Amino acid sequence: GKFDGCQTHECWEERMTPNWLYFLDNISASDLIGRILFSAFIIYYNLYVSDTTRSTKWPLVFTFIFCVLFLGNFFSGLFMCWVLCSQFKQQQHQVNFLKYPSIPSFFPKVQLGMDALLFSVLTLAGIYTRCSGLSDIPVLIFDEVHFGKFMNGHINGDFYYDIHPPIVKLLMAGFLNVFTPYYHGEQKFDEIGDPYLPTSPLKAMRFIPAFASALVVPVTYLTCRELGVSKTSSLICASMSLFDNLHVAEGRVLTTDTALLLFFALSYYFYIRLENSQIFSKSWYANLILTGISMGFTISTKWISLNIVGVVGICTVVDLFSRGHLGISSKYGVDFTKFNAKDFFTRLFSLLGIPFIIYVISFYYWIKTTPKWGSEGAVFMSRQFQASLEGSPIKPKQSPPSFLSTFIHLNREMFLGNRDVGLGQKGHPWESWWYQWPLDLRGLACWSSGLNTIESKDFKYEKHIYFLGNPFIWWFVALTLTLSPLILLSPRKLFKPIENFKYKSFILLIGFSTGLFPYAFVRRSCFIYHYMIPLHFLVLLSGIVIDQLIVRYFRNLKIDFLVSVLLIGLFGWSFW
């Protein structure tokens, strides 16, 4: 009789959960999550990043700090668990579990239980697949020749020009300044295949993209859960991010694309949390601000992410309209007395104002941290700006230009540069077209060791780095895309649907479309990694499709388990 009346997985989970877990389920997992991420970081730093300083006195310092932080972190966690268990034993007959206060936190509230376990496993698996062996190929790979120069520019103070906004380059340079202060830009980034200097902190240079790629995996899981997707389908979606070869390969190279994907994924995640929050509550304000901050970091990385503004904008207008806060609604018609200025202007500032402020600040620090003449960058700027740089060969004839004029000029040059990449040339030999990406038809060769340059005892061979998606994952999400109309157009009675699942599916389709189809009108050279943002929306959409067609339709735990094992096993096998 324990399962009488249960029609959903959630009901079964609730009745199968031991009573003492209700106590833990109402405590925020932010402390656990923070400890896992912090411990993983200091372990990685001690074992990998600091290896370039092992010939100095610094290893002893790092080892001491590592021991103190790790042991303190570990035992304080044990102490917290002991306190919680002691309180539970004393009050297990008096505690009202449903009203037990949660620990306040800005970390996502994942219930301690299966969600927290899956989140932790996915995070550690992401860190392992992205962050281990970052120096195995100690040569310049693909766009490292560009982003390495930009990073050096912030370290040395030499002005540079790039067609993309600067925030990730600032973060990478800041990371090196803090954790490898002995590095002063000695590494030259001239040609693909050039070796890294033995003194260059290679693992530290590649750490930010790798760690960002690793965090995309648990963020994918959290986003699916916020969309109302079951744990099983959320795990399958997260495994797609975990085992996709393009995600992993991009994350192990000094580029900005994985950081862009992380900021983009966080923007959508926090917006979904915003929609799930009570309006004007503390959680609502927190998620609104976090959405704006994430959007700011997204558009301050690459302009190709501007579709996040459109996706969030459409969702915001729909939400305001459904509440009647625009003064227009389907129920009352036009009635501007119902216009809610507080809701409208709070969202306007948070979702447009905050991103723009972050965008401008990133350019301010770009200019401020690169005050010296840089021959490769200064030539793109006005003569007045060139004359204002230290060591400039140009004599100033006018007063140095203001930040506003420099900001406008930089953005103009970036626009022209983005528009004209590859124009007037035969094109990049590994460029690809937007319609080739969904089926993974053309990848990108990034580096080759050269024929017969690597010798073993019995034969000679060469190594390659080739950007290509995991075909089983890409074909699977393409299949779910074709099945999505079945979900959207089907009668509601056929499924036990996720709340507002048609609306959520429609928004994900808009995100995919606005991320992919504009490339049909782009004249510049494009590459397979430009598909990473549209692919993220398809991965999330596949979670809803799997839930509707398998998990919630059949409502059979055996089928549920079998499907998850088969899909995750297939993705993992094809990845290795």
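The values are calculated or read from the model by the stated rules, or taken from the named source; none is laboratory data. Treat the numbers as computed from the prediction; the structure is a model and nothing was measured. In this analysis, Cβ positions are derived from the backbone assuming ideal geometry, glycine residues included, and neighbour counts consider all displayed protein chains. Keep in mind that these areas ignore ligands, DNA and RNA; they rest on the heavy atoms of the full protein, side chains included. Shrake-Rupley method; radii C 1.70, N 1.55, O 1.52, S 1.80 Å.
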Note on the stretch 143-173: residues under 17 Å from Ser305 (Cβ atoms) and β-branched (Val, Ile, Thr) are Ile163, Ile167, Val168
Output the residues belonging to the stretch 516-550 that are in a loop (DSSP other than H, G, I, E, B) and among the charged types (D, E, K, R). Arg523, Arg524
Residue set Val309, Val360, Val318; condition modelled with pLDDT of 95 or more and within 29 Å of Phe512 (Cα to Cα); output residue Val360
State yes or no: is Val539 touching a Cys at 6+ places or on another chain (Cβ under 6 Å), modelled with pLDDT of 75 or more and buried (at least 19 other Cβ atoms within 10 Å of the Cβ)? yes
Restricting attention to the stretch 229-237, does a residue exist that is over 17 Å from the mean Cα position of the chain (by Cα) and either over 22 Å from Ile127 (Cα atoms) or free of Cβ contacts under 8 Å to residues at least 40 places away in the same chain (or both)? yes
Where Leu516 falls short, out of the listed (1) of a type outside the set (Val, Ile, Thr); (2) modelled with pLDDT of 90 or more; (3) more than 26 Å from Leu260 (Cβ to Cβ): (3)
Answer yes or no: is there a residue in the stretch 365-383 that is closer than 30 Å to Gly174 by Cα, aliphatic (A, V, I, L, M) and outside any helix (DSSP H, G or I). yes
Out of Phe207, Phe179, report the one residue that is buried (at least 24 other Cβ atoms within 10 Å of the Cβ) and at negative phi. Phe207
Matching helices (runs of 4 or more DSSP H) fully within the stretch 164-278 where at least 3 residues are small (Gly, Ala, Ser): 207-226, 231-243, 257-275
When you go through Thr199, Thr223, Thr180 one by one, which is the residue that is among the β-branched types (Val, Ile, Thr) and modelled with pLDDT of 95 or more? Thr223
So, in the stretch 384-408, of the ones that are touching a Phe, Trp or Tyr at 6+ places or on another chain (Cβ under 7 Å) and outside any loop (DSSP other than H, G, I, E, B), which residue ends up nearest to Ile155 (Cα to Cα)? Glu390
Can you tell me which condition Trp430 does not meet? The list is (1) touching a residue at least 24 places away in the same chain (Cβ under 8 Å); (2) open to solvent by 30 Å² or more (accessible area, probe 1.4 Å); (3) assigned to a helix (DSSP H, G or I), and all the others hold. (3)
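From the residues in the stretch 321-344 that are part of a helix (DSSP H, G or I) and of a type in the set (D, E, K, R), which one is modelled with the lowest pLDDT?
Lys338
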Among (1) among the hydroxyl-bearing types (Ser, Thr, Tyr); (2) under 15 Å from Cys315 (Cβ atoms); (3) surrounded by 24 or more Cβ atoms within 10 Å (Cβ to Cβ), there is one condition Thr301 misses while meeting the rest; what is its number? (2)
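Regarding Val168, is this residue buried (at least 19 other Cβ atoms within 10 Å of the Cβ), at pLDDT below 90, β-branched (Val, Ile, Thr) and within 22 Å of the chain's Cα centre (by Cα)?
It is false that Val168 is buried (at least 19 other Cβ atoms within 10 Å of the Cβ), at pLDDT below 90, β-branched (Val, Ile, Thr) and within 22 Å of the chain's Cα centre (by Cα).
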Among the residues of the stretch 265-298 satisfying the criterion of being surrounded by fewer than 19 Cβ atoms within 10 Å (Cβ to Cβ) and among the polar types (S, T, N, Q), which is nearest to Val217 (Cα to Cα)? Asn276
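Go over the candidates Ile167, Ile127, Ile155, Ile137 one by one and state the one that is among the aliphatic types (A, V, I, L, M) and touching a Gly at 6+ places or on another chain (Cβ under 6 Å).
Ile155
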Enumeration of residues in the stretch 144-160 that are in contact (Cβ under 8 Å) with a residue 60 or more places away in the chain and open to solvent by 30 Å² or more (accessible area, probe 1.4 Å): Lys149, Asn156, Asp158
Is it the case that Ser283 is outside any helix (DSSP H, G or I) and at pLDDT below 95? no
Looking at this structure, is Leu352 open to solvent by 40 Å² or more (accessible area, probe 1.4 Å), in contact with a helix residue (DSSP H, G or I) (Cβ under 6 Å, 6 or more places away or on another chain) and of a type in the set (A, V, I, L, M, F, W, C)? no
Looking at (1) at pLDDT below 95; (2) open to solvent by less than 50 Å² (accessible area, probe 1.4 Å), which is the one condition that is false for Pro485? (2)
Those residues of the stretch 393-415 which are at pLDDT below 90 and either closer than 19 Å to Phe150 by Cα or surrounded by 18 or more Cβ atoms within 10 Å (Cβ to Cβ) (or both), in sequence order: Pro401
